[in-house]
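Here's the structure, in structure tokens; my notes come after.
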Amino acid sequence: MPETLAAAARAAATLRHLTTPVELPRHLIEELLDRALGFELGEADLQRRDGRLLATLFYEPSTRTRFSFEAAMHRLGGQVLSAENAVKASSAAKGESLEDAIRVISGYVDAIVIRHPEIGAAARAAQAATVPVVNAGDGAGHHPTQALLDLYTIRKELGRLDRLRVGLVGDLRNGRTVRSLALLLSRFPQNELVLVSPPGLRMGDDILEALGETAVDQTGELDPVVCTLDVLYQTRIQAERFESAEAYERYRGVYVVTPDIMRCLPEHALLMHPLPRVGEIDPQVDSDPRAAYFRQTRNGLWARMAVLDWVLGS
Amino acid sequence: MPETLAAAARAAATLRHLTTPVELPRHLIEELLDRALGFELGEADLQRRDGRLLATLFYEPSTRTRFSFEAAMHRLGGQVLSAENAVKASSAAKGESLEDAIRVISGYVDAIVIRHPEIGAAARAAQAATVPVVNAGDGAGHHPTQALLDLYTIRKELGRLDRLRVGLVGDLRNGRTVRSLALLLSRFPQNELVLVSPPGLRMGDDILEALGETAVDQTGELDPVVCTLDVLYQTRIQAERFESAEAYERYRGVYVVTPDIMRCLPEHALLMHPLPRVGEIDPQVDSDPRAAYFRQTRNGLWARMAVLDWVLGS
Amino acid sequence: MPETLAAAARAAATLRHLTTPVELPRHLIEELLDRALGFELGEADLQRRDGRLLATLFYEPSTRTRFSFEAAMHRLGGQVLSAENAVKASSAAKGESLEDAIRVISGYVDAIVIRHPEIGAAARAAQAATVPVVNAGDGAGHHPTQALLDLYTIRKELGRLDRLRVGLVGDLRNGRTVRSLALLLSRFPQNELVLVSPPGLRMGDDILEALGETAVDQTGELDPVVCTLDVLYQTRIQAERFESAEAYERYRGVYVVTPDIMRCLPEHALLMHPLPRVGEIDPQVDSDPRAAYFRQTRNGLWARMAVLDWVLGS
């Protein structure tokens, strides 16, 4: 509890938030991945955040992601206050601003994880908070902890994060996961991104402009590029971001990973997906050793332990 | 974390699930009831599952049953990740399969409790899971932990589980509680079941055929049989399983336990109900010492501690 | 677990509930505020309720208040079972009585916090419960823990609880917070209440009659009284208690605290608000040192720790 305005300002200035990939320079990415590995191998102390309290505020529901963060906090020895459906259950329904809600909740807990349907909501929350804030997805904005667990998976399975040819496939306009992942991959040298999407769902210019020297191919066809990839990163068409069911149906099923596609994918390559999937990967593919998506989701536990441990060290 | 497919297969083969009464032979029922008694008497170590994580996934809401499992896990020293409204809050709303959801959540926790509106959903979850799964009710299928706490209550209050004449009353077609209870009672010798229901709500043939040598009477009239019973097990007409309000209203109020009914019930007998009740038992009956339903629900804590402790020992 | 009816009756008679301000005589208020201060200063043992279980039952959603109680329970070393949306998720939807639900949940936990849309629901719950019950708001009835944290804030910032001139502003008919606060302030000598509301939203006679010798001014105009106050307690017009949107709109925005109003408020005075606010306080006022509402909400943690600690000592 900061006692004076000056102390409060000092404390706020040193808080560690994770709201966008901007906060993740290469050295910090590597530090977090190493910390995650320590947790997976049991080398780091699992109970080091004993007695600390996390609030998970989900203004957009997601049992999976919420559980991943909450399991991570419990494995760190902490406890959790959980809002499964923060929109309906909170004062937001009465017209309260997000900033007021965050200031109040900051008084009760040691860190806040927020998912929100609006781009930039997590950054706004971080501005208002007096404790660290972690973005668990802000609309079609970013999802930095997902990108971290993706890198963790790639490094663990392929042994490196540079000199990779990575195909990002599907709804690149609305997919916050691939938006964050593209930026994090651009922190490492000699990576090539192959952006595979229908014309209407191309990766946003804000991301393309921030990729720096990373090589980028854009295409509408998946088949011809599969054989050139180290990582085939498939995504779900984000139905909830379309204005009409018709607009969604136009894109659904454009790219499906089938056993045929897998025959083209190199032997050493990975098939990844942030999950949930709704038909974009044929379940027949699940038993292929290159199908990494269930291992990937499991890695979310270690990556999120690392992120929570880091912000709680503010 | 199994490292190879073979190890994963071995681990999966030895997992202890509880999805239907089929998994409960007599010796295991008795072992679980003894374990529950140990918890109630404070003889078993209450903190023996310290640090373990349980996920409660309720695709059909039930604060009562969820709390019963969660209290049991906390009393065992464990922690809980809770999905109060898994349908709306999860990727199920986006079209994800139950199997995918369970595989993902298996990566975060040590056991899963699931309630689901579809018959067989818990068994499907157990197939997909890499951790133990406990069925907290699957539509009009089964509710094995409720049946265990019912047996626990009967044994505690009447001193035995055989040579009992038990009346199961009400909606026997849709009541998963009585379906499971009938099967568990048939594991013990010389029990007699009196199945009291309107013609349209009779116990399903799948259960009747599995009862083996247990004597079964079927009737539509409650009054004449009350005086012959050791246990009068009243149930709620399952409004949510009917297609129309009219169909429900036809059956509602057919059987109501009143002080008059209680005058016919033998002095040593028990009146039980899985709760919630909606008019099937007159509250005037609550103060009758034979009215066991609030003691029964309390026993759920010990029975579920025993079940969770057993599956966590996989 | 009481074993006999007599023991149960004895235990019930000595349970400590907090459902209305009636249960809070002056000496107990002071004891609870001292206990809260001990927690804030770290003088009281934060882990003294280790292993105890609290159920939070919110039949009316409120993430903020729920989190405040749950954080308090965790800081005391306890654990929480949480029902974010008890109406939809519970047997209430199936027609079960509140009394039955409370009796059942009493069997699982050591204390119950309840919020409910009906006046008197918490008192009814306390009658049915076999564990302590704390009222977290019962419709337009009472909100005693909010009133306690308000007193805690006033005592901490102004140094006393008597000889105060306190303006309660806004929807005094439906605002349970100000109803409870008025009663608690009347326990201390020489306080003066200035009740500022539109004619249709005046403080209820039940409260006015219970204020005893406390001086009361009633007015419809805020501006003329501001300069006379030690505490300006602003509240939200309770939209959810009005029958129509038109009725609500008639009152919304009648009283807004602006920088102009603050110029009239004495230098030593406090501006308080139970939050959430929806336009009744201009955010420009937030940086004024007299704006105490975020400090006030933070004090809820200590006040609720004190209340939970007290009831758990039953």
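At a glance:
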{"quantity": "Residues of the stretch B:37-53 satisfying the condition of being within 14 Å of chain C (Cβ to nearest Cβ) and hydrophobic (A, V, I, L, M, F, W, C)", "calculated": "B:L37, B:F39, B:L41, B:L46, B:L53"}
{"quantity": "Test set (1) touching a Lys or Arg at 6+ places or on another chain (Cβ under 7 Å); (2) surrounded by 20 or more Cβ atoms within 10 Å (Cβ to Cβ); (3) within 28 Å of B:F242 (Cα to Cα) - C:E99 fails condition number", "calculated": "(2)"}
{"quantity": "Check on C:M305, more than 20 Å from A:K94 (Cα to Cα) and assigned by TED's automatic domain parsing to the domain that holds C:R66", "calculated": "yes"}
{"quantity": "Tally of residues being of a type outside the set (S, T, N, Q) and over 8 Å from the mean Cα position of the chain (by Cα) across the stretch C:126-147", "calculated": "11"}
{"quantity": "Close pairs from the stretch B:25-46: first among the basic types (K, R), partner buried (at least 18 other Cβ atoms within 10 Å of the Cβ), Cβ under 6 Å, at least 6 apart", "calculated": "B:R26/B:R187; B:R35/B:A306"}
{"quantity": "Meets criteria (within 26 Å of C:R155 (Cβ to Cβ) and within 14 Å of chain A (Cβ to nearest Cβ)) for C:D34", "calculated": "no"}
{"quantity": "Tabulated pairs, the stretch C:232-257, first acidic (D, E), second at pLDDT below 75 and outside any loop (DSSP other than H, G, I, E, B), C-beta under 8 angstrom, 6+ apart or interchain", "calculated": "C:E240/A:K94"}
{"quantity": "Some residue of the stretch A:154-172 being surrounded by 24 or more Cβ atoms within 10 Å (Cβ to Cβ), among the acidic types (D, E) and touching a residue at least 60 places away in the same chain (Cβ under 8 Å)", "calculated": "yes"}
{"quantity": "Scope the stretch C:205-215; condition surrounded by 15 or more Cβ atoms within 10 Å (Cβ to Cβ) and farther than 13 Å from C:V22 by Cβ; matching residues", "calculated": "C:L208, C:L211, C:T214"}
{"quantity": "Residue in the stretch B:29-52 that is modelled with pLDDT of 95 or more and under 30 Å from C:N85 (Cβ atoms) present", "calculated": "yes"}
{"quantity": "Of all residues making up the stretch A:12-26, the number that are within 17 Å of the chain's Cα centre (by Cα) and among the hydroxyl-bearing types (S, T, Y)", "calculated": "2"}
{"quantity": "Members of the stretch C:194-230 that are in contact with a Lys or Arg (Cβ under 8 Å, 6 or more places away or on another chain) and aliphatic (A, V, I, L, M)", "calculated": "C:V194, C:L195, C:L201, C:M203, C:I207, C:L229"}
{"quantity": "Selection within the stretch A:98-119 - in contact with a strand residue (DSSP E or B) (Cβ under 6 Å, 6 or more places away or on another chain) and facing another protein chain (nearest Cβ under 9 Å)", "calculated": "A:I105, A:V109"}
{"quantity": "Qualifying positions in the stretch A:66-77 - within 10 Å of chain B (Cβ to nearest Cβ) and either more than 20 Å from A:A126 (Cβ to Cβ) or of a type outside the set (A, V, I, L, M) (or both)", "calculated": "A:R66, A:F67, A:S68, A:F69, A:E70, A:A71, A:H74, A:R75, A:G77"}
{"quantity": "Lone qualifier among B:T130, B:T63, B:T56 - being modelled with pLDDT under 95 and more than 8 Å from chain A (Cβ to nearest Cβ)", "calculated": "B:T63"}
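The rows are residues; the columns are (1) at pLDDT 95 or above; (2) touching a Ser or Thr at 6+ places or on another chain (Cβ under 7 Å); (3) under 28 Å from C:L15 (Cα atoms).
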| residue | (1), (2), (3) |
| --- | --- |
| C:T145 | yes, no, yes |
| C:R165 | yes, yes, no |
| C:L193 | yes, yes, no |
| C:P198 | no, no, no |
| C:V225 | yes, yes, no |
| C:L229 | yes, no, no |
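The values are calculated or read from the model by the stated rules, or taken from the named source; none is laboratory data. Keep in mind that what you see is a predicted model, and the values were worked out from it rather than measured. Every residue, glycine among them, receives a Cβ derived from its backbone with ideal geometry; neighbour counts consider all protein chains shown.
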